[in-house]
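See structure below.
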Amino acid sequence: MMPDSQRIVITGVGLAAPGGASTLAEFRAQVLAGRSGISTLEMRYMGVHPAGLCDFPETKYRKKRDNKRGTRAGCLGVYCAGEALAESGIDFTQYRLDRTGVYMGLTEHGTVETENEVYNISQYNYNVDYWTHHHNPRTVLNNPAGEITMTFGITGPHYSVGAACAAGNAALIQGCQMLRLGEVDVALCGGLSECTGSFGIFASFRAQGALAEHADPTKASRPFDQARNGIVISEGGCVFTLERLDKAQARGAKIYGEIVGYAMNSDARDFVLPYGPRQAECIRLALDRAGMTPADIDLVNTHATGTKQGDIEECRAIAEVFAGCENLRVNNTKSIIGHAMGAAGVLELAANLPAFEDGLAHPTINLDELDPECALPGLVSGEAQKLPRAETILNNSFGMVGINSTLIVKRLVAK
């Protein structure tokens, strides 16, 4: 068994989720109830569309003027990181600020800020004299992670991990690796999305035929359903505090779970079309690194976004890997909160992490007519369901340009 100094555990969770949840307890109550976090947004040039929007105390950790100078992703990141630190009980008497790392997953960054500036100068006949001097520091990729370090005085390494919609998982993997290498002693890891601020992201998904539409926005996000017609774009953020097990136990920290396995790979095939066989390989590699078999997994949280082929490819991968695993349960969080892009994987993990305590799998909602090609055994629909066993969670996150990630978290058993 791996020594405790190499075992990585989650000791804090901070989040802002579509629908107004700004604590883990609120978010867990929302997903267990199957209460949609989707409303509507009137977007420049695009009209009104379903979207997932967050409501959280934006000035809890920094002043309004700092939020205005920074970015929406930075604002989300600062709040979530502050909550993760507070939840973990870290006050930097046991740890050093220069031995703390900040790793944030992003699908993209700078699109919102650039669109806003182009629109701004359009009001002045495109005179670039009206272009803000804040643009460059707002649009560098490390901006949200850097805003976190400036707010909390963290002087260790910070950077963003660009991995499309697998970025949240990728940032957690990065944090685990840096802790195991001894580069840092605490890692703030997570994912952020400010995508609801960009008309271009909405327009591009619509051009691909992948932007969800429904008369009732709460029913627009419907992975696995026969009537699904695309993605609901959401903003959001989630940050985890990661530590080595021995240090966390020595200071008496609450431990949410242990990260025991992870994997990333590439389809190497297409810009947007996912590929189930590579996803299956990614899942198997994570299981192998965790020293587990498919029968050891109790709950799979799917990436499924509500696109026709994307859902089918992942379902094929899961059905292949977990064939014969009768006690497995499968759910989908995007049906409730939409697709929070860089924050998707970590928000979805947070939604399911309390299953170690309450033993429940939250439901997949809006599943009125199951697509036969998505008919996974153990798919939890409609209402929350008691898990036969609640020891392990496997979290999938996949992204454009063929990037796949799988993360496995295990309930820590007291010695």
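The values are calculated or read from the model by the stated rules, or taken from the named source; none is laboratory data. Keep in mind the model is a prediction, meaning the values are calculated, not measured. In this analysis, Cβ positions are derived from the backbone assuming ideal geometry, glycine residues included, and neighbour counts consider all displayed protein chains.
Some notes on this structure:
- Conditions (1) more than 21 Å from V409 (Cβ to Cβ); (2) under 20 Å from the mean Cα position of the chain (by Cα); (3) modelled with pLDDT of 95 or more; (4) surrounded by fewer than 24 Cβ atoms within 10 Å (Cβ to Cβ): number failed by A203: (2)
- Residue among A280, A263 that is at pLDDT 95 or above, under 30 Å from T100 (Cα atoms) and in contact with an Asp or Glu (Cβ under 9 Å, 6 or more places away or on another chain): A263
- Check on E235, touching a Leu at 6+ places or on another chain (Cβ under 9 Å) and among the acidic types (D, E): yes
- Any chance G306 is on the phi > 0 side of the Ramachandran plot and assigned by TED's automatic domain parsing to the domain that holds G168: no
- In this structure, T59 does not satisfy being surrounded by 20 or more Cβ atoms within 10 Å (Cβ to Cβ), at negative phi and not aromatic (F, W, Y).
- Test: residue in region 17-35 that is of a type outside the set (F, W, Y) and modelled with pLDDT under 95: no
- Test: residue in region 327-335 that is part of a helix (DSSP H, G or I) and either of a type in the set (S, T, N, Q) or crowded, with 23+ Cβ neighbours inside 10 Å (or both): yes
- Scanning region 58-108 for residues that are free of Cβ contacts under 8 Å to residues at least 12 places away in the same chain and either in contact with an Asp or Glu (Cβ under 7 Å, 6 or more places away or on another chain) or of a type in the set (D, E) (or both) yields N67, D91.
- Criterion: not charged (D, E, K, R) and not in a helix (DSSP H, G or I) - qualifying residue of G156, G175: G156
- Restricting V409, V346 to residues that are surrounded by 24 or more Cβ atoms within 10 Å (Cβ to Cβ), modelled with pLDDT of 95 or more, under 20 Å from the mean Cα position of the chain (by Cα) and assigned to a helix (DSSP H, G or I) narrows the list to V346.
- If only residues of region 1-15 that are modelled with pLDDT of 95 or more and small (G, A, S) are counted, the one that is surrounded by the most Cβ atoms within 10 Å (Cβ to Cβ) is G14.
- Hits in region 224-259 (condition: in contact with a strand residue (DSSP E or B) (Cβ under 6 Å, 6 or more places away or on another chain) and closer than 22 Å to S204 by Cα): G230, I231, V232, I233, S234, E235, G236
- Subset of region 162-185 [crowded, with 24+ Cβ neighbours inside 10 Å and either among the acidic types (D, E) or over 19 Å from P3 (Cα atoms) (or both)]: A163, C165, A166, A167, G168, N169, A170, A171, L172
- Filtered residue count, region 380-392, keeping only those that are touching a residue at least 60 places away in the same chain (Cβ under 8 Å) and either touching a Lys or Arg at 6+ places or on another chain (Cβ under 8 Å) or aromatic (F, W, Y) (or both): 5
- Members of region 349-381 that are assigned to a helix (DSSP H, G or I) and within 16 Å of the chain's Cα centre (by Cα): L349, A350, A351, N352
- Counting the residues of region 181-215 that are aliphatic (A, V, I, L, M) and within 29 Å of A86 (Cα to Cα) gives 6.
- Test: Y119 is aromatic (F, W, Y) and part of a helix (DSSP H, G or I): yes
- None of V161, V184 is more than 19 Å from N352 (Cα to Cα), touching a strand residue (DSSP E or B) at 6+ places or on another chain (Cβ under 9 Å), in contact (Cβ under 8 Å) with a residue 40 or more places away in the chain and assigned to a loop (DSSP other than H, G, I, E, B) except V184.
- Scan region 238-257 for residues that are of a type in the set (D, E, K, R), over 22 Å from A145 (Cβ atoms) and outside any helix (DSSP H, G or I) and the total you get is 2.
- Of all the listed residues (A187, A170), the sole one being under 30 Å from F92 (Cα atoms), in the same structural domain as T155 (by TED's automatic domain parsing) and in contact with a helix residue (DSSP H, G or I) (Cβ under 6 Å, 6 or more places away or on another chain) is A187.
- Leading residue by the ranking (surrounded by the most Cβ atoms within 10 Å (Cβ to Cβ)) among those in region 239-298 that are among the β-branched types (V, I, T) and in contact (Cβ under 8 Å) with a residue 40 or more places away in the chain: V239
- Breaking point among (1) in contact with a Gly (Cβ under 8 Å, 6 or more places away or on another chain); (2) more than 30 Å from D185 (Cβ to Cβ), for Q208: (1)
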